[in-house]
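The values are calculated or read from the model by the stated rules, or taken from the named source; none is laboratory data. Since we're looking at a predicted model, the values are computed, not measured. Using ideal geometry, Cβ is built from the backbone for each residue, glycine included, and neighbour counts are taken over all protein chains shown.
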Amino acid sequence: MANTCGQPSFIGIHTRDSSMRVLYVSPGVEAALGYPPEAMINLRIIDYLTDQFDMADLSWIYESKGGGEDETDAASAYVMYVNAKAADGTPAVQRATTFKCDNCVVFVTLTLPKSQYREHTRLEVQLLDQGMKQLDVSQRRREYQAAVAAAAAHRSRRASLQASMYRAQGAQVKAAFVLERLDAVEAGMGLRGALLAGARVVFATGSVSRLIDADTSDLYQVPFMKLVAPEDLLHVGRFFDRLAETTDVLFETFSLLSRPPVVEGDVAVGDNENTRVVVECVGAGSRDGVALLLAKLRTMPPPKRDSMGNYIHSRVREVSDEAGYISLSELISSDPDSSDVPEAWAQLR
């Protein structure tokens, strides 16, 4: 895989509906596309695309298709290649990694060399948390619309229609975060140094309150590491280290504190009483920071300590058979011969 770490990249958030209006975009968009971030707010993301596929295909993959949050579409993370319209009018090839969560979509885009340009007449995406399946969205949407029309005329077929659509294994709690480098980068620390020193949360989906005892207002500008269980700080630091060195999507499992010390005035909860929330994380980095999608696997009591005060080895990163969920990394074959994804994506650590 070509080294693209030097290419411009940025993070953004848009609404999860047909309008796909931009809610946030990081400063890196100016280097990538030539637009000042403030000029894009409240505009439609599809207005910046030059591809020839039906733009309704793009919003369709994020829309709820009945049955509750994410029940008919087990995937929440996608990779796609699109052509964006730069400020000078030329197309800019983008690899976009998107995380669907709550009522918004977080995206991380990397600008690729112009030599990789090709026109797209159909939208194709890679489903990251469905075993890296490739999906022709344009075709799938038309099949879905035909099936819905047929079911409306023949209601007896509704049960088989619902059974044929993607289904999640359960109502798994998910939350998305955007961490920005802020002043640490300006101080010359780089992305890795900024993350380890306390990259701050600039955005979190409302579902975070179902994951830990905190809401979005509690977390704004709080270092993400304050949410991480102390026994996993080094582990998460290494994960951030890897995110800083690659443009690939990475997976990791770690624990958060159920009641993190982020609300001023709250009575601190002792470590031995603070339940751990085990999450699996999909992460993608840009020059401006990182975007994370966290899926709750289970809760567990705090790990015990030995006589020296050291944490006893925890099985936190082993997925419980009783949890009812399949690990993202388990879904991906480590054998390149049996996997249809780039070999680098199978090298999960």
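Quick look at the numbers
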item: Hey, Glu280 assigned to a strand (DSSP E or B), of a type in the set (Asp, Glu) and touching a helix residue (DSSP H, G or I) at 6+ places or on another chain (Cβ under 7 Å) or not; result: no
item: Selection count, region 8-52, where residues are of a type in the set (Phe, Trp, Tyr) and more than 22 Å from Asp102 (Cβ to Cβ); result: 2
item: Boolean, Asp57 is over 19 Å from Leu23 (Cβ atoms), surrounded by 15 or more Cβ atoms within 10 Å (Cβ to Cβ), modelled with pLDDT of 75 or more and of a type in the set (D, E, K, R); result: yes
item: Residue check, Glu280 within 16 Å of the chain's Cα centre (by Cα), charged (D, E, K, R) and closer than 24 Å to Val178 by Cβ; result: yes
item: Number of positions in region 190-226 that are at pLDDT 90 or above, of a type in the set (A, V, I, L, M, F, W, C) and assigned to a loop (DSSP other than H, G, I, E, B); result: 4
item: Residues being of a type in the set (D, E, K, R) and either surrounded by fewer than 19 Cβ atoms within 10 Å (Cβ to Cβ) or on the phi > 0 side of the Ramachandran plot (or both) - total across region 230-247; result: 4
item: Matching residues, region 264-297, being under 15 Å from Val228 (Cα atoms) and of a type in the set (Lys, Arg); result: Arg276, Lys296
item: Residues of region 104-162 that turn out to be farther than 23 Å from Asp17 by Cα, modelled with pLDDT of 75 or more and part of a helix (DSSP H, G or I), as a count; result: 3
item: Candidates Ala284, Ala295, Ala323, Ala344, filtered to the one that is under 30 Å from Pro27 (Cβ atoms), small (Gly, Ala, Ser) and modelled with pLDDT under 60; result: Ala344
item: Selection status of Glu252, surrounded by fewer than 21 Cβ atoms within 10 Å (Cβ to Cβ) and under 20 Å from Gly285 (Cα atoms); result: no
item: Whichever residue in region 281-305 is crowded, with 24+ Cβ neighbours inside 10 Å and touching a Ser or Thr at 6+ places or on another chain (Cβ under 8 Å) and, among such residues, is farthest from Val108 (Cα to Cα); result: Leu293
item: In region 16-35, the residues that are more than 19 Å from the chain's Cα centre (by Cα) and under 13 Å from Ala86 (Cβ atoms); result: Glu30, Ala31, Ala32, Leu33, Gly34, Tyr35
